[in-house]
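Read through the structure below, which is laid out as structure tokens, and then see the notes.
Derivation of every value follows stated rules applied to the coordinates shown; laboratory data play no part. It should be emphasised that the depicted structure is a prediction, and the values quoted were computed from it without experimental measurement. Glycine also receives a Cβ, built like all others from the backbone with ideal geometry; neighbour counts cover every protein chain displayed.
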Amino acid sequence: MFLPKQELMLLQKVRHPAMKVTGFTFIRNAVKYDYPVVEAITSVLPVCDEFVVAIGHSEDDTEALIKSIGSDKIRIIHTVWDDSLREGGRVLAVETDKAFDAISADTDWCFYIQGDECIHEQYLPAVRKAMSDYLDHEEVEGLLFNYLHFYGSYDYIGTSRRWYRKEIRVIRNNKRIRSYRDAQGFRIGDRKLKVREIDAWIYHYGWVKHPEAQQQKAKSFNRLWHDDQWMQHHVPDVNEFDYSQIDGLRKFEGKHPEVMKRRINDMNWKFSFDPTRKKMKWKYRVLEWIEQVSGYRLGEYKNYKKI
């Protein structure tokens, strides 16, 4: 599973003898829209005893792609998306819940990963340790992860307020927990989950595709949020996505997960950006400056309660 020997040994040391972990995700048209879903699933498999994949009715070989992973941990369920749920991306939460509800009752922790996310292998021991440490602490309903959002290419990450900095990706197997809004996080009814923040990062690659594939994804994805009239006014009828319309990026100096190496090596388009350029209103420039100086993001949306 692309995990170095020493990290595999550490995972074994922190494994709770009575703890079961199940991963889960949903996907549709992964081949058509070039989702790195194989990498997403593979990145979390080492800490999972089982993995549930909800595959929506697709126009491509998505199921064959998932089966190509070749792991007996993976269990596929088939779903039909309700494309009429176009308010706020609600269909994404519904599909997330279908995968979550298919997780067996003997599971303790559920590791959610979306089809354009990966966790770096260096953080897996910390994730497994946190699951073990908080297993008997019922007040902890989930684990909170940090985020890196890549944009345009694998060399740049978003720095502005448009990108969320943290989100829940591990939850208890409590079926009162439901995916919230457009599947960004989770809640119980209207109540935010009580979580522990851990030192682990999710790498989000949803904005890194060939400009043609990104434009096709933008057209398809926006239909999950908006009606046809909105689409006509806000999504240009062009062949390639315009990556230049971004407010702020910085160069990524770290290393990508091992599972992403082949995809990165196969990158077949050019993207460059001047990190000193800021395309944002003065209001947001001031807010960004305050954040850089204080480390605090004024007015930040937080779909969780840290304990």
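Can you give me the C-alpha center-to-center distance between region 139-167 and region 240-274, rounded to a whole angstrom?
First find each Cα centre; the distance between them is then 15 Å.
Students often forget the sequence filter, so: which aspartates and glutamates lie under 16 Å Cα-Cα from K219 once same-chain residues fewer than 8 apart are removed?
Straight-line reach from K219, under 16 Å: D34, E59, D83, E87, D227, D228, D237, E240, D242.
Mind checking region 134-181 for GluC sites (Glu not before Pro) that DSSP puts in a loop (not H, G, I, E or B) and that have at most 15 other Cβ atoms within 10 Å? Walk me through the numbers before you get to the answer.
Values: sites: E138, E139, E141, E167; in loops: E138, E139, E141.
Those satisfying the criteria are E138, E139.
Amide H to amide H, which residues 5 or more places from L85 or on other chains are under 5 Å from it, using H placed in the peptide plane?
none
Work out the FRET efficiency for D242 and V31 from their Cβ-Cβ distance, taking R0 = 22 Å, and round it to the nearest 0.05. Present the calculation step by step, with values, prior to reporting the outcome.
Working: r = 24 Å, r/R0 = 1.11.
E between D242 and V31, to the nearest 0.05, is 0.35.
Report ³J(HN,Hα) in whole Hz for each residue of region 154-167, in order, from the Karplus equation J = 6.51 cos²θ - 1.76 cosθ + 1.60 where θ = phi - 60°; Gly and Pro get x.
7, 9, 10, 10, x, 10, 8, 6, 5, 9, 6, 8, 9, 7
Can you work out the FRET efficiency for the pair R162 and R262, with r the C-beta to C-beta distance and R0 = 25 Å, to the nearest 0.05? Write out the running numbers ahead of the final one.
On the way: r = 29 Å, r/R0 = 1.18.
In this case the efficiency is close to 0.30.
Tell me, H137, H204 in order of fewest to most beta-carbon neighbours within 10 Å?
Numbers: H137 10, H204 21.
The fewest-first ordering by Cβ neighbours comes to H137, H204.
Can you tell me how much longer the chain between E197 and K20 gets when fully stretched, taken as 0.36 nm per residue apart minus their C-alpha distance, in nm with one decimal? Numbers along the way, then the final one.
Numbers: separation 177, 0.36 × 177 = 63.72 nm, distance 2.06 nm.
Working it through step by step, the gained length comes to 61.7 nm.
Whose amide H sits under 5 Å from the amide H of V170, counting only residues 5 or more places off or on another chain, with H placed in the peptide plane?
For V170, whose amide H was placed from the backbone, the distant partners under 5 Å are Y112, L143.
What pairs from K32/K67; K98/K175; K129/K261; K166/K306; K209/K261 go past 18 Å between their alpha carbons? Don't skip to the end; give the middle numbers.
Numbers: K32/K67 16 Å; K98/K175 11 Å; K129/K261 26 Å; K166/K306 11 Å; K209/K261 15 Å.
Beyond 18 Å: K129/K261.
Measuring from label point to label point, each 7 Å out along Cα→Cβ, what is the H57 to A105 span in nm?
With each label point 7 Å from Cα toward Cβ, the separation is 3.2 nm.
Which of S43, S71 comes first, and how do the rest follow, when ranked by fewest Cβ neighbours within 10 Å? The partial results should precede the final answer.
Details: S43 28, S71 14.
By the 10 Å Cβ count, ascending, the order reads S71, S43.
If you take the beta carbon distance between I76 and D136 as r and set R0 to 35 Å, what does 1/(1 + (r/R0)^6) give as a FRET efficiency, to the nearest 0.05?
Working: r = 32 Å, r/R0 = 0.92.
Efficiency computed from Cβ-Cβ geometry: 0.65.
When T107, T96 are ordered from fewest to most other Cβ atoms inside 10 Å of their Cβ, what list results? If you can, show how the numbers build up before the last one.
Numbers: T107 20, T96 23.
By the 10 Å Cβ count, ascending, the order reads T107, T96.
If you filter region 111-176 for trypsin sites (Lys or Arg not before Pro), then keep DSSP loop positions with at most 15 other Cβ within 10 Å, what is left? Walk me through the numbers before you get to the answer.
Details: sites: R128, K129, R161, R162, R165, K166, R169, R172, K175, R176; in loops: R161, R162, R165, K175, R176.
Those that pass, being in a loop and sparsely packed, are R162, R165, K175, R176.
Pull out the extension gain between Q122 and N146, defined as 0.36 nm times the separation in residues minus the alpha carbon to alpha carbon distance; nm, one decimal. Let's see the in-between values first.
Details: separation 24, 0.36 × 24 = 8.64 nm, distance 1.38 nm.
Full extension of this stretch gives 7.3 nm more.
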